[in-house]
1. Using the basic label-point model (7 angstrom from Cα toward the beta carbon), what is the Ser32 to Arg152 distance in nanometres?
2. From Cα pairs below 8 angstrom and at least 6 apart in sequence, can you work out the relative contact order of the chain, rounded to a whole percent?
3. Could you pull the Cα extents of the stretch 239-389 along its three principal axes, largest to smallest, in whole Å?
4. So, R0 is 41 Å and r is the distance between the beta-carbons of Arg243 and Cys190; what FRET efficiency does that work out to, to 0.05?
5. Using the basic label-point model (7 angstrom from Cα toward the beta carbon), what is the Asp224 to Lys208 distance in nanometres?
6. How high is the relative contact order of the stretch 326-417, in percent, counting Cα pairs under 8 Å that sit 6 or more residues apart?
7. Which is farthest toward the positive dipole end of the stretch 326-417 among Gly381, Thr397, Leu331, measuring Cα position about the Cα centre, with Cβ charges +1 (Lys, Arg) and -1 (Asp, Glu)?
8. Taking the Cα centre as origin and putting +1 on Lys and Arg beta-carbons and -1 on Asp and Glu beta-carbons, what dipole magnitude results for the stretch 326-417, to the nearest 20 debye?
Amino acid sequence: MIQLIRGFKDILQPEASLWQHIENEARRLFESHGYREIRLPILEKTELFARSIGETTDIVEKEMYTFADRSGDHLTLRPEATASVVRAYIQHKLSGTEPIRKLYTIGPMFRRERPQKGRYRQFYQIDAEVFGISSPYADAQMILMLAKLMERLGVTGISAHINSLGCPECRPLYRENLKAFIHQHTEELCEDCLRRKDKNPLRVLDCKNESCRKAMTEAPELLDQLCTACADHFALVRRELDRRNLDYKINKRLVRGLDYYTRTAFELQTDMLGAQSAVAGGGRYDGLVKTLGGPDIPAIGFAIGFDRLVEVITQAKPPETPAPSVFFIPLGESAMEKAFDFCLQLAEKSIEADTDYSGRSLKALMKRADRLAAPFVVIMGDSELQAGEVSLKNMATGEQRPVPLDSLVEILSLEISGQEAPESGTQDP
Ligand code: ATP
Ligand code: MG
């Protein structure tokens, strides 16, 4: 038997329904904040990621699925979405007509990492980006929107971490201080960190290696050395989060893995997924649009790790297979045809109904109804049908009653929408 590739996965039922639910909630929330969807290709030129994410990052150094296509072009399965969104923003001159754009996109990303819990080689992100707003209100809005999504999804045990990564004004000096500190601790650092320490010293702060973490506990902190403009920016972000009573932590170690970030960086973290603690991450990237050849336009974005979000939700409450609202049990040929008609008619009213065409006994079909967990069952015997009636059974209460055929759809609609069906024959005065 041919099996799927290591680090890849199938999303089966009932989990896939949970994915759908999360996606719907995210879309609804983002759209109500003025975000609009953008759909992008999964394959891009390798250069796009090398230039945006940075040559000395884990992703570009060792995680990208890169190959030469038949004409020799170097292509890469996207490891993240931001670079592609920025490319599209520049390529289609979206800044020309209306520079302020709020966009979101949902889809698979590819990184060749070591597969483990919460870490896959194809994983999914829900990604949002805002272009053209340098104000810290945009930063606060994004963080609050992320927190709101968690609230709507009923996710608990997640906390927001925020930090500022400074700007080209204040970061260079800090970088030098950090480099000097790192040079005094080279013996304690891992190979990756040693290789990158000069080109990208901030990455050392982000290393997950225990010994590197220890070595860096006393490292100087950027947050204490921000320029006035960055400090003011950060203060306003905090003020807006405080005003809405968002529970967040200032995390001076939070540097994010990619090169393009400036000022506000944030993550949603959980302790429910072992070492894979980040459920979402984002930040401001004011220089990236220009770096990729576009106009000088500020931007900020985040990406939610869809798979990890699902895992956090599933740990708290395993998803259930969605059940049809009603299951028809036809006993006989003419009943089967009626059941078939009713299923179509109810689907038209957005009520999910199902039936069975096997011709099996009432007992066997009641068993199937139980397995499907339909809250209502309609039993249709040929003799009852001739009298213009069927039996409606409420599976929660066990109550069973005769219902006239021609008001079945109406009664089911009422029952299913949680209302009491009117007693037959009684009329409101
Ligand atoms: P990590 O520190 O866990 O490696 P990251 O900083 O590389 O995460 P980002 O590039 O910020 O991740 O991507 C945003 C989110 O996507 C992460 O917070 C995480 O939830 C999710 N994510 C990243 N890599 C993977 C992966 N290999 N498998 C599943 N989810 C992932
Ligand atoms: Mg990573």
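1. 0.6
2. Working: 690 pairs, mean separation 64.3, N = 429.
It rounds to 15 percent for the chain.
3. 76, 37, 31
4. 0.50
5. The two pseudo-label positions are separated by 2.9 nm.
6. Values: 124 pairs, mean separation 26.5, N = 92.
Computed value for the stretch 326-417: 29 percent relative contact order.
7. Thr397
8. Here the stretch 326-417 has a charge dipole of around 440 debye.
The values are calculated or read from the model by the stated rules, or taken from the named source; none is laboratory data. What you are looking at is a predicted structure, and each value in this text was computed from that prediction instead of being measured. Ideal geometry is used to build each Cβ from the backbone, glycine not excepted, and the neighbour counts take in all protein chains shown. With ligands, DNA and RNA removed, areas are computed over all heavy atoms of the protein, side chains included. Shrake-Rupley method; radii C 1.70, N 1.55, O 1.52, S 1.80 Å.
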